[in-house]
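The values are calculated or read from the model by the stated rules, or taken from the named source; none is laboratory data. Here the structure is a predicted model, which means the values were calculated and not measured. Methodologically, a virtual Cβ is constructed for each residue, glycine included, from the backbone with ideal geometry; neighbour enumeration extends over all protein chains shown. Only protein heavy atoms, including side chains, enter the accessible area calculation; ligands, DNA and RNA are left aside. Shrake-Rupley method; radii C 1.70, N 1.55, O 1.52, S 1.80 Å.
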Amino acid sequence: FMKKIIIAIDGFSSCGKSTMAKDLAREIGYIYIDSGAMYRAVTLYCMEHGLFNADGSIREKDLQDQMDDIHISFRLDADSQRPQTYLNDVCVEDRIRSLEVSSHVSPVAALGFVRQALVRQQQAMGKEKGIVMDGRDIGTAVFLDAELKIFVTASAEIRARRRYDELKAKGQEASFEDILHNVEERDRIDQTREVSPLRKADDAILLDNSLMSIAEQKEWLKEQFEKAIHASR
Ligand code: CDP
Ligand code: CDP
């Protein structure tokens, strides 16, 4: 019988947080939760329900009134065994990754009432521990007592290149310049918003994975997990 812990992985956009979090969760038999997918799903809901004005601003009052109608869940795909994001019982996994959602999500995620609703759901998901969650505020707001906190960063060009390659592989081509601009713009909004801005928790371990392969960072994270399990016994 092994003690279960909470693992919080925060950091800048597109640096590989969800890739490493997912890999680790699968290997150690923990639940993986992509908190960014929840902010993306709320954003898609806004796009589909006319909650953006033509200038890109949000109809805040309308969104606030409709927050209770937005139900987000994660379900495992039977074939791939990968978690898929559902919005009101419809699978939106591919649509929430589009550049259009990426370019609208940060203002939505800056709204206090949106964060309050999603943070509450995230905390409920972690009640039993045995969870790996990635995002922006997991170690600084959602799970202040997480036994293992990681903060990931890499250069903006490298992150944009990773996102570009990923979209291209899925057949969703977008220009490298547009992606780079989006990555930098989201970093700026995420770091400067008033509610739970993106920042490294004092007790988080910093990882710059600019020059690391997926396999190397996976190995590194596994080591951090083993140390944290040992320390929390
Ligand atoms: O995968 P990527 O790093 O591009 O972004 P994401 O994790 O899917 O998150 C999308 C956006 O949601 C971020 O740019 C933040 O604005 C917001 N977010 C947040 O505010 N808090 C979180 N815990 C997770 C995401
Ligand atoms: O969750 P986050 O936005 O931080 O990034 P991600 O969606 O996990 O990863 C962005 C892309 O970088 C994925 O296509 C990964 O395959 C790739 N990648 C990586 O995660 N780690 C590296 N060391 C190199 C590439």
(message) For region 118-137: of the residues being over 20 Å from Gln191 (Cα atoms) and open to solvent by less than 30 Å² (accessible area, probe 1.4 Å), which is farthest from ligand 1 (Cβ to nearest atom)?
(response) Gly130
(request) Answer with yes or no whether Ile158 is under 17 Å from the mean Cα position of the chain (by Cα), part of a helix (DSSP H, G or I), over 18 Å from Tyr32 (Cβ atoms) and β-branched (Val, Ile, Thr). (result) no
(message) Only one of Asp34, Asp69 is open to solvent by 50 Å² or more (accessible area, probe 1.4 Å) and among the acidic types (Asp, Glu). Can you tell me which?
(response) Asp69
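Results for (1) modelled with pLDDT of 95 or more; (2) over 28 Å from Glu100 (Cα atoms); (3) within 15 Å of ligand 2 (Cβ to nearest atom), shown as yes or no for each residue.
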| residue | (1), (2), (3) |
| --- | --- |
| Leu144 | yes, yes, no |
| Arg159 | yes, no, yes |
| Ser175 | no, no, no |
| Glu216 | yes, yes, yes |
(message) I need the full set of residues from region 45-66 which are of a type in the set (Val, Ile, Thr) and either open to solvent by 100 Å² or more (accessible area, probe 1.4 Å) or more than 23 Å from the chain's Cα centre (by Cα) (or both), in order please.
(response) none
(message) For region 24-57: of the residues being in contact with a strand residue (DSSP E or B) (Cβ under 9 Å, 6 or more places away or on another chain) and of a type in the set (Asp, Glu), which is farthest from ligand 2 (Cβ to nearest atom)?
(response) Glu48
(request) Kindly indicate the residue of region 107-142 that is within 15 Å of the chain's Cα centre (by Cα) and of a type in the set (Lys, Arg) and also nearest to ligand 2 (Cβ to nearest atom) among those meeting that condition. (result) Arg136
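Let's see how each residue does on (1) part of a helix (DSSP H, G or I); (2) more than 10 Å from ligand 1 (Cβ to nearest atom); (3) farther than 15 Å from Asp94 by Cα:
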{"residue": "Asp10", "(1), (2), (3)": "no, no, yes"}
{"residue": "Thr19", "(1), (2), (3)": "yes, no, yes"}
{"residue": "Glu27", "(1), (2), (3)": "yes, yes, yes"}
{"residue": "Gly36", "(1), (2), (3)": "yes, no, no"}
{"residue": "Tyr39", "(1), (2), (3)": "yes, no, no"}
{"residue": "Cys46", "(1), (2), (3)": "yes, yes, yes"}
(message) Please go through region 86-105 and give me each residue that is within 12 Å of ligand 1 (Cβ to nearest atom) and assigned to a helix (DSSP H, G or I), ordered by number.
(response) Ile96, Arg97, Leu99, Val101, Ser102, Ser103, His104, Val105
(request) Output the number of residues of region 153-176 satisfying the condition of being open to solvent by less than 50 Å² (accessible area, probe 1.4 Å), within 13 Å of ligand 1 (Cβ to nearest atom) and not hydrophobic (A, V, I, L, M, F, W, C). (result) 3
(request) Please find, among Ala228, Ala204, the residue that is touching a Leu at 6+ places or on another chain (Cβ under 8 Å), crowded, with 16+ Cβ neighbours inside 10 Å and not β-branched (Val, Ile, Thr). (result) Ala228
